[in-house]
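Contents: one structure, followed by commentary.
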Amino acid sequence: MTSQTDFDIRQFIPYLLNQAAEESSLEFQRIYKDRYGMLRGEWRVLFHLGIYDKMTAKDITHRARIHKTNVSRAVYKMQAKGYLTRVQNQNDRRKEWLQLTTKGRTVYEDLRRAAQAYDNALLEAFSDTDIAGLKRLLLRLGDSSLKDRLDQNSIDTLGKSNVLTKSRSS
């Protein structure tokens, strides 16, 4: 039994966001996996190249917030499937430009349409006001400036004050 002062993970915002993300993306994962044998990292790289056309792996890492190892694995698999090309940057030979091939662009267009239809079906249960509010809040939560406001010192202070409060009441 938990008291009102106990922490409830089921109400923790990062937990709720993770649960919602996992639950809402499961069916779409099946679509890109069944159609093209892709994993999550691959479709995220595909979508970034589909949207931004030509990028470096580092660009994708930063924009998509995917670890560089996962981007590297996805790029390798996608190149093996013929979905993208790598072209050495003439100005900086340490960098490569990644770009979708015609085959990759076809896959992107198919999955973009599937994603749009999936998104529409997912949001059918919500009002336009709910959808707008949800998107606004998610964008704010995803804003990196939020992390700047929640610096480690304030998080540490919050954690210590809760621990002190809890131990005093015991």
message: For the range 21-136, compute Rg over Rh where Rg is the Cα radius of gyration and Rh is the Kirkwood radius from the inverse mean 1/r over Cα pairs.
response: 1.03
- request: Determine the per residue accessible area of the range 41-100 with all protein chains present and a 1.4 angstrom probe, expressed in square angstrom.
  value: 63 Å²
field: Rounded if a/c under 1.5, otherwise prolate or oblate - the range 67-124, Cα gyration tensor axes
entry: prolate
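The values are calculated or read from the model by the stated rules, or taken from the named source; none is laboratory data. Keep in mind that this is a model prediction, so the values were computed, not measured. These area figures cover heavy atoms from the full protein model, side chains too; ligands, DNA and RNA do not enter into them. Shrake-Rupley method; radii C 1.70, N 1.55, O 1.52, S 1.80 Å.
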